[in-house]
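The values are calculated or read from the model by the stated rules, or taken from the named source; none is laboratory data. Every value quoted in this text rests on a predicted model; they were computed, and no experiment measured them. Every residue, glycine as well, gets a Cβ built from its backbone with ideal geometry; the counts of neighbours run over all protein chains shown.
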Amino acid sequence: MAADSIKKTIGVAIGVCLVCSVLVSIAFVQLKPIQDKNKELDKLKNILQAGGIEADSGADIKAVYEKNIEPVIVDLKSGDIVADPDERIKPENFDIEALAKDPAYSSVIPSDKDIADIKRRPDRMIIYNVKDPEGSGEIIKRIFPMYGRGLWSTMYGLLALDKDMSTIKGFTFYKHEETPGLGGEVDNPKWKGLWKDKIAFDISGDKVTLKIKVIKGVVLKERPEAKFQIDGLSGSTLTTRGINNLVRFWLGHDGTDWGSTGYGPYISKLIANLKGNDNE
Ligand SMILES: Cc1cc2nc3c(=O)[nH]c(=O)nc-3n(C[C@H](O)[C@H](O)[C@H](O)COP(=O)(O)O)c2cc1C
């Protein structure tokens with residue numbers, strides 16, 4: 001056969017393709033556990049970051065997480081902790097995206113209540129309690145996962161509330177596909193810092209009103225409502241609106257079954273408990 005025959009050329013091309021695909025498959029299979037481990041570590045780092053917990057460089061992230069964080073599963077409708085979650089919703093297996101797609105573990109949100117534009121949400125969610133670093137056993141913050149539609153993507157974030165259940169201690173997005181420099185500025189530490197010590201709820205007597213809002217433009221600091229407001233992202237009205245809607249969806253509670261779109265019933269119970277303790 002001539003060295004440059006068509007048959008030989010095709011044979012060599014097929015051979016190269018086969019060798020390459022085998023190499024890529026081997027690399028994929030061998031790297032998958034490392035990728036999964038990195039993904040898991042990344043998730044833990046995000047939770048620690050939302051909780052304002054510093055991990056030294058080189059620290060064992062899993063150990064820092066286990067020392068500081070205690071995950072619990074909450075039934076969103078009743079607002080109760082699920083004492084004995086089944087395998088799918090155990091903290092170590094909890095996968096918000098997978099659960100939201102599974103009709104056995106999630107519900108369709110009525111369209112008039114779906115301000116976060118997510119269509120369905122898990123019936124139970126995971127909450128990460130931040131423990132007192134001094135070891136008193138007290139919960140000093142709670143981190144609430146939340147998600148909703150931005151302009152280009154569903155944005156997944158973590159919002160930390162102080163033990164007073166109203167002061168925001170941190171907010172970070174761990175997954176989104178908004179445009180870098182525009183909606184992607186949600187990752188800018190300066191913008192994220194604006195959330196710290198803002199107030200989510202106005203609590204007066206028995207009445208709890210959701211107040212936090214991400215506004216278009218810049219918050220006027222001298223106004224009394226400034227403590228309930230966050231600057232919008234400039235040139236990114238649609239991402240800004242999405243963030244406002246998702247935060248209000250997950251923290252909202254208008255007293256009806258589906259008004260409790262997110263953590264409302266759970267948060268109401270914790271606020272009522274706090275008041276009970278104050279009256280003792
Ligand atoms: C390539 C491109 C990417 C954009 N990315 C975003 C984005 O991530 N988030 C967003 O809200 N707006 C984005 N916009 C702008 C929106 O289309 C829209 O103009 C903007 O939200 C209006 O905001 P403004 O009223 O603050 O100017 C993008 C526009 C272009 C052309």
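Return yes when Asn273 is more than 21 Å from the chain's Cα centre (by Cα) and either surrounded by fewer than 18 Cβ atoms within 10 Å (Cβ to Cβ) or within 16 Å of the ligand (Cβ to nearest atom) (or both) and no when it is not.
Values: more than 21 Å from the chain's Cα centre (by Cα): yes; either surrounded by fewer than 18 Cβ atoms within 10 Å (Cβ to Cβ) or within 16 Å of the ligand (Cβ to nearest atom) (or both): yes.
Yes.
Filter region 151-165 down to the residues that are within 16 Å of the ligand (Cβ to nearest atom) and in a strand (DSSP E or B), then identify the one that is nearest to the chain's Cα centre (by Cα). So that I can check it myself, show each step before the final result.
Step one: of region 151-165, the residues within 16 Å of the ligand (Cβ to nearest atom) are 151-157.
This time we only want the ones that are in a strand (DSSP E or B), so: 154-157.
Values: Thr154: 11, Met155: 8, Tyr156: 5, Gly157: 3 Å.
Here the residue is Gly157.
What helices (runs of 4 or more DSSP H) lie completely within region 166-280 and have 2 or more residues being within 27 Å of Asp95 (Cβ to Cβ) and in contact (Cβ under 8 Å) with a residue 24 or more places away in the chain?
Working: elements: 189-193, 237-251, 264-279.
Output list reads 237-251, 264-279.
Restricted to region 116-141, and to residues that are without any contact (Cβ under 8 Å) to a residue 12 or more places away in the chain and over 10 Å from Ile69 (Cα atoms), which residue is surrounded by the most Cβ atoms within 10 Å (Cβ to Cβ)? First the steps, then the outcome.
At the first step, the residues of region 116-141 found to be without any contact (Cβ under 8 Å) to a residue 12 or more places away in the chain are 119, 132, 134-137.
From what is left, the residues that are over 10 Å from Ile69 (Cα atoms) are 119, 134-137.
Values: Lys119: 14, Glu134: 8, Gly135: 8, Ser136: 9, Gly137: 8.
By that ranking, first place goes to Lys119.
Test Ser204 against the stated conditions and say whether it is of a type in the set (S, T, N, Q) and more than 18 Å from the chain's Cα centre (by Cα).
Details: of a type in the set (S, T, N, Q): yes; more than 18 Å from the chain's Cα centre (by Cα): yes.
Judged against the criteria, Ser204 is a match.
Listed here are the residues, each with its yes/no results for (1) at pLDDT below 95; (2) within 16 Å of the ligand (Cβ to nearest atom); (3) surrounded by 15 or more Cβ atoms within 10 Å (Cβ to Cβ); (4) not hydroxyl-bearing (Ser, Thr, Tyr).
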{"position": "Ala200", "(1), (2), (3), (4)": "no, no, yes, yes"}
{"position": "Ile203", "(1), (2), (3), (4)": "yes, no, yes, yes"}
{"position": "Val214", "(1), (2), (3), (4)": "no, yes, yes, yes"}
{"position": "Pro224", "(1), (2), (3), (4)": "yes, no, no, yes"}
{"position": "Phe228", "(1), (2), (3), (4)": "no, no, yes, yes"}
{"position": "Ile243", "(1), (2), (3), (4)": "no, yes, yes, yes"}
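Is one or more of the residues making up region 143-159 surrounded by 18 or more Cβ atoms within 10 Å (Cβ to Cβ) and over 23 Å from His253 (Cβ atoms)?
Yes, because at least one residue in region 143-159 is surrounded by 18 or more Cβ atoms within 10 Å (Cβ to Cβ) and over 23 Å from His253 (Cβ atoms).
Consider Lys39 against the criteria (1) surrounded by fewer than 11 Cβ atoms within 10 Å (Cβ to Cβ); (2) more than 20 Å from Gly157 (Cβ to Cβ): it satisfies all of them except one. Which criterion is unmet?
Of (1) surrounded by fewer than 11 Cβ atoms within 10 Å (Cβ to Cβ); (2) more than 20 Å from Gly157 (Cβ to Cβ), only one is false for Lys39: (2).
Provide a single number: the residues in region 176-196 that are within 9 Å of the ligand (Cβ to nearest atom), charged (D, E, K, R) and either surrounded by fewer than 18 Cβ atoms within 10 Å (Cβ to Cβ) or closer than 15 Å to Lys216 by Cα (or both).
So the answer is 2.
What strands (runs of 3 or more DSSP E) completely inside region 104-150 contain at least 2 residues that are of a type in the set (Val, Ile, Thr) and under 17 Å from Ile89 (Cα atoms)?
Values: elements: 106-108, 120-122, 124-131, 139-149.
Passing ranges, in order: 124-131.
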